[in-house]
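Here, each number is a calculation from the coordinates, and none is a lab measurement. The shown structure was predicted, so the numbers you read here are calculated from the model rather than taken from an experiment. Cβ sites come from the backbone with ideal geometry, for glycine too, and all protein chains shown count toward neighbours.
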Amino acid sequence: MKSLIALLCFTNLIADRPDWCVSNVLETDGFSIERATERAPHFTKGRAYIRFTMRARRQEIVRASLDLLAFSISPGRDMDILRKDMVSSRLEDLNERTPSGVPLGADSRWTLDNGLFVVLVATRFEEVQSHLQLQGSDSKGFYKPPVHDWKADQQLMERFLRYSLARIAGRRLGDVATANLAGTSIPTATCERSNAKFGDLRAWCTAKGWTVTEDKTLGVLTVKRGATFAVVPMGTAWVKWDGATWTKMSDVVMEKDGRVMAPKDVLDRLNGM
């Protein structure tokens, strides 16, 4: 398997253990956060890149390390070109979406081989790569991954990436202010890069008589009114309406100031159901 892109040198540090790092998700599964940083923008070919990095280790049960490298990018990129780069680049035998089948970002790929689980995620404005490496060796000291049931760790990785991407993407939103959106007055914000409107999903559902339940195993919300429902995962642009196939919406579901912020077209469609 080809190696991931090496992490860049650690310069221009602007935050240590910043609020985008959902450390509690990993710590409840036995990981300790060794490093979580956010760095000042650097510029390449007319685009600004803000880099986020994190490393965590688990010493008990099955020892493992987890690394994340993410970029917040402005202006946005063409998704068709980005998708081609993702598929052709760093890893072989990439699978679409995620092991659970629940989408991540606007597009995602994953692979599992020789004790290494890798997930690549992309949106127009974010790029994330993360890998979880099992620690082990044979009697001669050479690397040999232990026998392992990957289901729980795959769910952990998806959950961690979903909430992390939701927070990183939430950095694109401006100040939250109450305004009318999709038929009711709720906390709203505008994406500073696309000028798109977002609204507080939970507040909208409360005002409109919908219930919200959250499956924290994978970071997925289900909103329901009577027999009508929609599956709204965090950190993805894909929504499942009334049990049908996944539909791509305008942007990912984000988190800002503890609020789940959904794109206007998601709220508009709910309002029409």
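Brief remarks on what is shown
- A protection proxy built from the mean count of other Cβ atoms within 10 Å ranks the segments 216-224, 241-249, 26-34, most packed first, as 216-224, 26-34, 241-249.
- 12 Å beta-carbon shell around N195, net charge (K/R +1, D/E -1): +2
- Lysine pairs with alpha-carbon atoms under 18 Å apart, the chain, spacing 8 or more or separate chains: 17
- Amide H contacts under 5 Å for A106: A122, T123, A237, restricted to partners 5 or more places along the chain or on a different chain, H placed in the peptide plane at 1.01 Å from N.
- Each of H148, H131 was scored by other Cβ atoms within 10 Å of its Cβ. Arranged with the fewest first, they read H148, H131.
- Selection of chymotrypsin sites (Phe, Trp or Tyr not before Pro), segment 141-195, meeting DSSP coil and at most 12 other Cβ within 10 Å: F142
- Helical runs assigned H by DSSP (4 residues or longer) give the chain a calculated mean residue ellipticity at 222 nm of -5500 deg cm²/dmol, each run adding -39500 (n - 2.57) before division by the residue total.
- Segment 182-248: C-alpha gyration tensor shape, a/c 1.5 cut-off, then a/b vs b/c: oblate
- Residue among L104, L134, L165 with the largest mean-square fluctuation in a Gaussian network model of the chain, springs linking Cα atoms under 10 Å: L134
- At most 11 other Cβ within 10 Å, DSSP loop - trypsin sites (Lys or Arg not before Pro), segment 92-190: K140
- Measuring r between the beta carbons of R35 and N95 and using R0 = 35 Å, the FRET efficiency lands at 0.75.
- Highest average packing first - 62-73, 187-198, Cβ atoms within 10 Å: 62-73, 187-198
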